[in-house]
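A.B. asks: Here it is, the structure in full.
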Amino acid sequence: MNPVTTRPQQPGAALDTAVLDVQQLSKSYRSRKGDVPAVRSIEFAVHAGQFVSVVGPSGCGKTTLMMCIAGLLPISGGAVMFRGERMSGPRDGVAVVFQDYSRSLFPWLTVEKNVALPLRDRGLPRAEIRQRVQESLEMVGLAHAAGLHPWQLSGGMQQRVAIARGLAVRPEMLIMDEPFASVDAQTRASLEDLLLKVWAETGTTVLFVTHDIDEAVYLSDRVVVLSQGPSVVVADLPVTLDRPRDQIATKQTPLFGELREHVYSLVMASQRRTSLSGEPS
Amino acid sequence: MSGQALSRPIATSALAVGRGVRSLWLLALLLVVWEVAARMVGSLFVPPVSQIFGAFVDTWLSASPSSLFLSSQFRADVLPSLVRLGLGYGAATVLGVGLGILIGVWRPAGAFFNPLIRLGMSVPVTALLPIAIVLFGITSGMNVFLIALGCLWPILINTYDGVRGIDRTVVTAARSLRLTRRRYFLRVLLPGASPAIFAGMRISIGIALVLMVISELYAATAGLGFYIVSQQRLFQFPQLWSAIVLLALLGILFNAIFALVERVLLRWHRNVRPDSAESH
Ligand SMILES: Nc1ncnc2c1ncn2[C@@H]1O[C@H](COP(=O)(O)OP(=O)(O)OP(=O)(O)O)[C@@H](O)[C@H]1O
Ligand SMILES: [Mg+2]
């Protein structure tokens with residue numbers, strides 16, 4: 001049985017309930033030699049509470065796409081709709097966890113103050129801020145590290161602080177850009193499980209960008225596959241693996257194997273296509 | 001009381017403050033060599049250390065404990081110098097940090113002012129001393145002006161570079177948190193630029209001391225520089241040297257204060273791991 005056709009997710013049918021709707025999004029960077037396209041025409045939607053991964057080969061424009069969706073980069077064409085409203089900049093309800101955790105946390109602030117920062121100037125009472133910080137840190141298992149500085153923590157712990165900072169604003173959608181790319185394999189596995197736990201507890205929608213196919217399949221409800229840059233969506237696959245997932249048991253199921261193989265072949269095929277059409281890699 | 005007996009504790013406590021000096025032994029040896037050589041040569045201009053320290057205590061620290069041992073000479077010459085230094089350096093810091101942030105944040109201003117600043121920085125301020133004397137006369141205002149002008153450039157340029165050099169990831173992360181302008185300024189911009197700002201301030205405190213002395217040597221009616229010239233005219237070389245020792249101690253003290261402030265405020269900066277240079 002082909003896993004792709006097992007549970008066809010009709011994007012068109014549920015479009016009105018989509019939290020995030022990316023429509024014909026394109027983005028070019030300006031350079032001296034003219035405009036260089038990074039993403040060409042991206043189209044997909046994410047529904048409330050879903051865990052959606054975006055995979056694609058390195059350099060295909062994942063970070064660019066994520067920054068555009070988060071409103072941190074101006075887009076060149078198309079639209080990003082959040083709850084039916086066009087995104088024109090960073091907005092409340094969307095939190096971002098960056099690829100480079102060591103630079104997205106502020107080293108001059110303690111863990112606690114890093115997490116509290118986005119809650120300030122929001123008219124929240126102090127007690128509420130303190131309680132939310134405590135709550136988010138507990139969720140990522142770092143309540144004991146509140147008074148430390150980011151540089152006193154391991155890479156994995158720093159990324160958990162970044163996640164806590166994202167959660168503290170109680171976002172409707174959490175956008176994560178290869179958050180676990182630079183930690184070791186064991187830490188990575190435990191961070192993945194932590195993320196799934198947090199996702200289940202908070203019910204927030206997650207858009208997870210990665211170049212790791214196993215990770216994408218393991219975590220997600222859906223995997224959006226991007227081509228080599230300038231990227232387009234080459235496939236949008238539902239992942240029907242049972243939840244809760246387990247690092248060993250889930251990855252041993254035949255369905256997991258099929259899915260990862262399928263995604264892998266799609267990524268490889270898109271790479272071959274672009275290299276055959278003579279585009280520089 | 002012999003000068004030599006007192007010189008040792010003073011020297012050691014001064015050194016304990018100055019972290020720049022690697023080895024106490026080397027300095028002790030140097031002082032002993034100086035003492036012996038000076039006694040053997042018997043030059044009027046380079047008296048033995050013991051005499052210098054004797055003069056130091058007599059000149060600066062001979063008062064009663066109620067006035068913290070600081071003599072009337074100290075109040076007559078050191079205090080005016082310190083006030084000028086403080087005013088000039090303070091003005092340079094306020095102006096330098098303020099302007100540096102302004103042109104660092106506002107790109108067109110940065111592009112416009114950058115060449116001007118590099119030019120201003122390359123003019124030796126000491127060459128402007130005659131002009132300053134003509135403009136201000138022999139007043140404290142002249143000394144303050146010169147100190148401020150000399151200290152301004154390093155603080156300004158370092159602040160500017162510090163603001164421009166803030167990591168783009170840091171700025172993007174801050175944008176995604178939707179901070180108010182005020183909080184962004186206080187919690188992100190200022191701390192992010194603070195290592196560079198402090199570097200500029202640290203360079204400038206040395207410049208401030210030099211300009212203070214030089215401007216007072218030429219044009220002042222009180223102050224450490226003025227004291228040095230007058231002692232030279234009176235052929236009182238131990239007293240002259242005692243003023244130089246006092247200047248050295250001031251330099252060490254200022255450096256120690258900076259080391260302390262940086263240790264507390266910039267602890268994060270020394271600890272940020274260099275492995276954070278990963279790019280994408
Ligand atoms: N600020 C920029 N200016 C110009 N070109 C850029 C800029 N940022 C990225 N690019 C280009 O856009 C393309 C996509 O980059 P992007 O960082 O989005 O890829 P990525 O998929 O996130 O890569 P990785 O897997 O390495 O993180 C690359 O060819 C890159 O050179
Ligand atoms: Mg990337």
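The values are calculated or read from the model by the stated rules, or taken from the named source; none is laboratory data. Since this is a predicted model, take the numbers as computed values, not measurements. Here Cβ is always computed from backbone atoms with ideal geometry, including for glycine, and neighbour counts include all displayed protein chains. Heavy atoms of the whole protein, side chains included, go into the accessibility calculation; ligands, DNA and RNA do not. Shrake-Rupley method; radii C 1.70, N 1.55, O 1.52, S 1.80 Å.
A.B. asks: Just to confirm a number: summing +1 for Lys and Arg and -1 for Asp and Glu over residues other than A:Ala168 whose beta-carbon lies under 12 angstrom from that of A:Ala168, what do you get?
C.D. replies: After counting each charged neighbour, the total is +3.
A.B. asks: Next question, about the same structure. Amide H neighbours of A:Gly78 under 5 Å, at least 5 residues apart or on other chains, H built in the peptide plane: list them.
C.D. replies: Result for A:Gly78 returns A:Ser26.
A.B. asks: Amide H of A:Ile175: which non-local residues (sequence gap of 5 or more, or other chain) have their own amide H closer than 5 Å, using H built in the peptide plane?
C.D. replies: Amide H neighbours of A:Ile175, under 5 Å, 5+ apart: A:Ala95, A:Val96, A:Val97, A:Leu207.
A.B. asks: With all protein chains present, how much of the accessible area of region B:76-265 (probe radius 1.4 Å) comes from carbon and sulfur, to the nearest whole percent?
C.D. replies: Ligands and nucleic acids excluded, carbon and sulfur reach 72 percent.
A.B. asks: While we're looking at this one, here's another question. Chains B and A: how much accessible area gets covered up at their contact, both sides added, probe 1.4 Å, in Å² to the nearest hundred?
C.D. replies: Heavy-atom accessible area buried at this interface is about 2700 Å².
A.B. asks: Next question. For the full complex of protein chains and a 1.4 angstrom probe, list A:Ser26, A:Ser58 by accessible area with the highest value first.
C.D. replies: Sorted descending by solvent-accessible area, the residues read A:Ser58, A:Ser26.
A.B. asks: Tell me the angle of helix B:237-265 to the major Cα principal axis of chain B, expressed in degrees between 0 and 90 and rounded to the nearest ten.
C.D. replies: With rounding to tens, the tilt is 30 degrees.
A.B. asks: Also, I was wondering about something else. Using each residue's phi in region B:219-227, evaluate 6.51 cos²θ - 1.76 cosθ + 1.60 at θ = phi - 60° and report the 3J(HN,Hα) Karplus result to the nearest Hz, with x for Gly and Pro.
C.D. replies: 8, 6, 10, 7, x, 5, x, 4, 4
A.B. asks: Assigning unit charges at the beta carbon (Lys, Arg +1; Asp, Glu -1) and nothing else, what dipole magnitude in debye, to the nearest 20, does region B:76-265 show about its Cα centre?
C.D. replies: With only Lys, Arg, Asp and Glu charged at Cβ, the dipole is about 980 debye.
A.B. asks: Of the candidates B:Ser81, B:Ser122, B:Ser62, which one comes out as most mobile in a Gaussian network treatment of chain B with C-alpha springs shorter than 10 Å?
C.D. replies: B:Ser122
A.B. asks: For the protein assembly as shown, with only Lys/Arg (+1) and Asp/Glu (-1) charged at the beta-carbon, what is the dipole magnitude about the Cα centre, in debye rounded to 20?
C.D. replies: 1220 debye
A.B. asks: Now for a different question. Where both residues lie in chain A, what percent of DSSP beta bridges are antiparallel, nearest 5?
C.D. replies: The antiparallel proportion sits near 50 percent.
A.B. asks: With each label point set 7 Å from Cα along the Cα-Cβ vector, what nm distance links A:Arg32 and A:Arg243?
C.D. replies: Distance between label points: 5.0 nm.
A.B. asks: Additional query: Probe 1.4 Å, all protein chains in place: accessible area of B:Val171 in Å², nearest 10?
C.D. replies: Using a 1.4 Å probe on the heavy atoms, I get roughly 50 Å².
A.B. asks: While we're here: Just counting partner chain Cβ atoms within 10 Å, what average do the residues of peptide A:104-114 show around their Cβ?
C.D. replies: 5
A.B. asks: Using the heavy atoms of the protein chains and a 1.4 angstrom probe, tell me the accessible area per residue for region A:203-265 in square angstrom.
C.D. replies: 37 Å²
A.B. asks: Not counting ligands, DNA or RNA, and with a 1.4 Å probe, what is B:His269's accessible surface area in Å² rounded to the nearest 10?
C.D. replies: Rounded to the nearest 10, the figure is 90 Å².
A.B. asks: Percent relative contact order of chain B, based on C-alpha pairs within less than 8 angstrom and at least six residues apart?
C.D. replies: That works out to 23 percent.
A.B. asks: Considering only protein heavy atoms and a 1.4 Å probe, what is the carbon-and-sulfur percentage of the accessible area of chain A?
C.D. replies: 52 percent
A.B. asks: For the protein assembly as shown, build the charge dipole from Cβ charges (+1 Lys, Arg; -1 Asp, Glu) around the Cα centre, then report which of B:Leu266, B:Ile203, A:Pro37 sits farthest towards its positive end.
C.D. replies: Selected residue: B:Ile203.
A.B. asks: A follow-up question, please. Quick one: Cα centre-to-centre distance for region A:56-77 and region B:113-148, in angstrom?
C.D. replies: Here the answer is 51 Å between Cα centres.
A.B. asks: Also, quick follow-up: Along the positive direction of the dipole of region A:34-148 (beta-carbon charges: Lys, Arg +1; Asp, Glu -1; about the Cα centre), which of A:Gly147, A:Gly123, A:Thr63 reaches farthest?
C.D. replies: The Cα lying farthest towards the positive end belongs to A:Gly123.
A.B. asks: Where does each of A:168-174, A:131-137 land if you order them by average Cβ count within 10 Å, highest first?
C.D. replies: Averaged packing, sorted descending, gives the order A:168-174, A:131-137.
A.B. asks: Ranked from highest to lowest mean number of other Cβ atoms within 10 Å per residue, what is the order of the peptides A:150-157, B:255-262, B:105-112?
C.D. replies: Ranking the peptides A:150-157, B:255-262, B:105-112 by packing returns A:150-157, B:255-262, B:105-112.
A.B. asks: Placing +1 on the Cβ of each Lys and Arg and -1 on the Cβ of each Asp and Glu in region B:76-265, which of B:Gly96, B:Ile133, B:Gly165 has its Cα farthest towards the positive end of the resulting dipole?
C.D. replies: With unit charges placed on the Cβ atoms, the residue in question is B:Gly165.
A.B. asks: I'd like the FRET efficiency for A:Asp214 and B:Thr180, computed as 1/(1 + (r/R0)^6) with the beta carbon distance as r and R0 of 41 Å, rounded to 0.05.
C.D. replies: Approximately 0.50, to the nearest 0.05.
A.B. asks: Here's a follow-up. Please give the peptides B:142-150, B:45-53, A:255-263 ranked by average Cβ packing (other Cβ atoms within 10 Å per residue), highest first, as a rough proxy for protection.
C.D. replies: B:142-150, B:45-53, A:255-263
A.B. asks: A follow-up question, please. In Å and from the alpha-carbon atoms only, list the Rg and Dmax of chain B.
C.D. replies: According to the Cα coordinates of chain B, Rg and Dmax are 22.7, 73 Å.
A.B. asks: Can I ask one more? What does the charge count around B:Arg175 come to, taking other residues whose C-beta lies under 12 Å from its C-beta (Lys +1, Arg +1, Asp -1, Glu -1)?
C.D. replies: +4
A.B. asks: Before rounding to the nearest 500, sum -39500 (n - 2.57) across all DSSP H runs of length at least 4 in chain A and divide by the residue total; then give [θ] at 222 nm in deg cm²/dmol.
C.D. replies: Theoretical 222 nm ellipticity from helices: -10500 deg cm²/dmol.
A.B. asks: Continuing with this model, one more query. May I ask you to evaluate 6.51 cos²θ - 1.76 cosθ + 1.60, the Karplus curve with θ = phi - 60°, for each residue of region B:65-79 and list the ³J(HN,Hα) values in order in whole Hz, giving x for glycine and proline?
C.D. replies: Using θ = phi - 60°, the values come out as x, 4, 9, 6, 6, 7, 6, 5, 5, 4, 5, 6, 10, 7, 4 Hz.
A.B. asks: From the backbone phi of region A:135-144, what are the Karplus-calculated ³J(HN,Hα) couplings (6.51 cos²θ - 1.76 cosθ + 1.60, θ = phi - 60°) in whole Hz, Gly and Pro given as x?
C.D. replies: Working through the residues one at a time gives 4, 5, 5, 5, 4, 9, x, 10, 4, 6 Hz.
A.B. asks: Give me the net charge of B:Leu224's neighbourhood, meaning all other residues with Cβ under 12 Å from the Cβ of B:Leu224; Lys, Arg count +1, Asp, Glu -1.
C.D. replies: Net of charged neighbours comes to -1.
A.B. asks: Within chain A, what is the number of lysine pairs with alpha carbons under 27 Å apart, leaving out pairs fewer than eight places apart on the same chain?
C.D. replies: For chain A, qualifying lysine pairs total 6.
A.B. asks: Modelling each spin label as a point 7 Å along the Cα-to-Cβ direction, I'd like the B:Asp58/B:Val210 distance in nm, to one decimal.
C.D. replies: For the pair B:Asp58/B:Val210, the computed spacing is 3.3 nm.
A.B. asks: Further question: Only counting protein heavy atoms at a 1.4 Å probe, give the residues of region A:72-96, ordered by number, whose accessible area falls by 40 Å² or more when the other protein chains are present relative to the chain alone.
C.D. replies: Those residues are A:Leu72, A:Pro90.
A.B. asks: Given labels modelled 7 Å from the Cα in the Cβ direction, how far is it in nm from B:Val261 to A:Gln131?
C.D. replies: Each label point lies 7 Å from its Cα, and together they span 4.1 nm.
A.B. asks: Separate question: DSSP beta bridges in the protein assembly as shown, what fraction antiparallel, as a percent rounded to 5?
C.D. replies: DSSP beta bridges in the protein assembly as shown are roughly 50 percent antiparallel.
A.B. asks: Can you tell me how much longer the chain between B:Val229 and B:Ser67 gets when fully stretched, taken as 0.36 nm per residue apart minus their C-alpha distance, in nm with one decimal?
C.D. replies: Residue separation times 0.36 nm, minus the Cα-Cα distance, leaves 55.7 nm.
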